[in-house]
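Accompanying notes for the structure given below.
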Amino acid sequence: MNNKPYIGIIGGSGIYELDNLENTKWIKEKSLYGKPSDDIFTGTINDLNLAFLPRHGRSHNLLPSSINFRANIDCLKKLGVTDIISLSAVGSLKENIKPGQFLIVDQFIDRTISRKKTFFDEGIVAHVSMAKPTSEKLSKIILEAATKNIELINGGTYLAMEGPQFSTLAESNLYRSWNCDVIGMTNMPEAKLAREAEIAYATIAMVTDYDCWHPEHENVTVENIIKILNSNSEKAKSLVKNIIEYISTHEWSSDDPAYTALDNAIITPINARPDKAIKKIKNIAKRVL
């Protein structure tokens with residue numbers, strides 16, 4: 001297929017708006033799962049539809065655990081989003097991954113404990129595969145679109161912690177012993193919910209610090225992080241612009257496995273599915289219901 005995707009951008013800490021869009025408007029989208037983080041900013045670049053959602057709200061007033069991840073994904077799906085690029089501030093767990101660098105995530109370890117992690121929890125059960133949690137196609141596009149002024153590392157494991165506190169030294173060293181590359185607070189259950197909604201998902205992890213394990217660097221502070229965030233956000237906006245231009249000028253094929261993630265995933269028989277539950281998941285699972 002040559003149909004172009006509808007790209008959703010979820011902006012993390014430091015990224016609360018996007019530039020260079022045409023036909024722009026803020027949309028107040030509703031969800032049966034509650035309110036999303038904010039209104040959704042929509043527009044076009046090179047005739048490619050784009051929807052931007054600030055994950056923490058434009059005023060950064062949502063804790064990681066207070067983000068309504070289900071409403072965010074549900075609302076983006078309602079708009080027609082087919083592919084999500086997540087921009088996320090992270091700490092580095094390895095010496096060679098330095099503040100100011102970006103990393104394309106290809107694996108996650110989920111250590112969050114108090115978040116709603118599925119759309120299928122009210123009488124309809126589904127099990128989707130998360131073996132490969134990110135889109136290989138989107139990740140390759142990000143890599144191709146990066147300019148020389150962005151130090152981009154291809155591949156790595158993102159440890160998702162609950163927060164909002166930063167790690168203890170013992171925790172940081174534990175995650176390093178697991179060979180994790182970066183640590184953050186927001187990509188889970190976001191990636192899981194995107195998969196359930198049959199939306200392809202990729203993460204650009206923007207490194208701000210060395211967590212607290214590095215003996216030659218200060219402990220993590222918001223003040224230090226903000227300095228790097230400001231630099232990273234400008235690079236990220238430039239990278240997003242390049243990604244959109246790349247997608248708009250290249251052949252597009254709708255063959256991502258995420259688009260059919262619900263094939264054979266729903267285990268509850270049709271005659272046992274409650275009407276109320278069907279209504280609630282109708283938007284995210286409409287292709288298979």
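Every number here is computed from the coordinates shown, using simple stated rules; none is lab data. Being a predicted model, the structure only gives us computed values, none of them experimental. Glycine gets a Cβ as well: all are built from the backbone with ideal geometry, and neighbour counts include every protein chain shown.
Stokes-Einstein, applied to the Kirkwood radius of segment 195-258 over Cα pairs at a viscosity of 0.692 mPa s and 37 °C, places its translational diffusion at 219 µm² s⁻¹. Close amide H pairs (under 5 Å, H built 1.01 Å from N) link Phe108 with Tyr158, residues at least 5 positions away or on another chain.
Per-peptide packing, taken as the mean over residues of other Cβ atoms within 10 Å, places 190-203, 129-142 in the sequence 190-203, 129-142 from highest down.
Peptide packing for 46-54, 243-251, 174-182, 4-12 was compared via the average number of neighbouring C-beta atoms within 10 Å per residue; ordered from the highest value, the list is 4-12, 46-54, 174-182, 243-251. From the residues Ile247, Thr260, Val207, which one has its Cα farthest along the dipole of the chain in the positive direction, the dipole being from +1 and -1 charges on Cβ of Lys/Arg and Asp/Glu about the Cα centre? Going by the charge dipole, the pick is Thr260.
Against the chain, whose longest principal axis is taken from its Cα atoms, helix 136-145 shows a tilt of about 50°.
DSSP bridge analysis restricted to the chain gives an antiparallel fraction near 35%, rounded to the nearest 5.
Placing unit charges on the Cβ atoms only, positive for Lys and Arg and negative for Asp and Glu, gives segment 7-281 a dipole magnitude near 760 debye about its Cα centre.
Rounded to whole Å, the principal axis extents of the Cα atoms in the chain read 61, 42, 32, largest first.
Taking θ as phi - 60° and the Karplus parameters 6.51, -1.76 and 1.60, the scalar couplings of segment 98-111 work out to 9, x, x, 8, 10, 9, 8, 6, 10, 9, 10, 10, 9, 10 Hz in sequence order, x denoting glycine and proline. Taking a straight line from the alpha carbon of Lys279, these lysines sit under 25 Å away, with near neighbours fewer than eight places off in the same chain left out: Lys28, Lys30, Lys35, Lys77, Lys78, Lys116, Lys117, Lys192.
Karplus-derived 3J(HN,Hα) values for segment 157-166, using 6.51 cos²θ - 1.76 cosθ + 1.60 with θ = phi - 60°, are 9, 9, 8, 9, 9, 6, x, x, 6, 6 Hz; glycine and proline are entered as x. Length available on full extension from Glu22 to Asn224: 0.36 nm per residue minus the Cα-Cα distance, which gives 69.3 nm. 3J(HN,Hα) along segment 114-120, derived from phi through the Karplus expression 6.51 cos²θ - 1.76 cosθ + 1.60 where θ = phi - 60°, amounts to 10, 10, 6, 10, 8, 7, 9 Hz, with x in place of Gly and Pro. Shape class for segment 64-173, computed from the alpha carbon gyration tensor (a ≥ b ≥ c): oblate, with a/c not under 1.5 and a/b at or below b/c. For Glu245 and Arg287, a Förster radius of 25 Å and the Cβ-Cβ distance give a FRET efficiency of 0.25, rounded to the nearest 0.05. Listed by chain and number, the lysines placed with their C-alpha closer than 16 angstrom to that of Lys235 are Lys98, Lys148, Lys227; residues fewer than eight positions away on the same chain are left out. A simple spin-label model places pseudo-atoms 7 Å from Cα toward Cβ; at Leu79 and Thr44 they are separated by 1.6 nm. For segment 25-69, the dipole from Cβ point charges (+1 on Lys and Arg, -1 on Asp and Glu) about the Cα centre works out to 160 debye, to the nearest 20. Projecting the Cα atoms of Ser59, Gly12, Val182 onto the dipole axis of segment 7-281, where Lys and Arg carry +1 and Asp and Glu carry -1 at the beta carbon, places Ser59 farthest toward the positive end.
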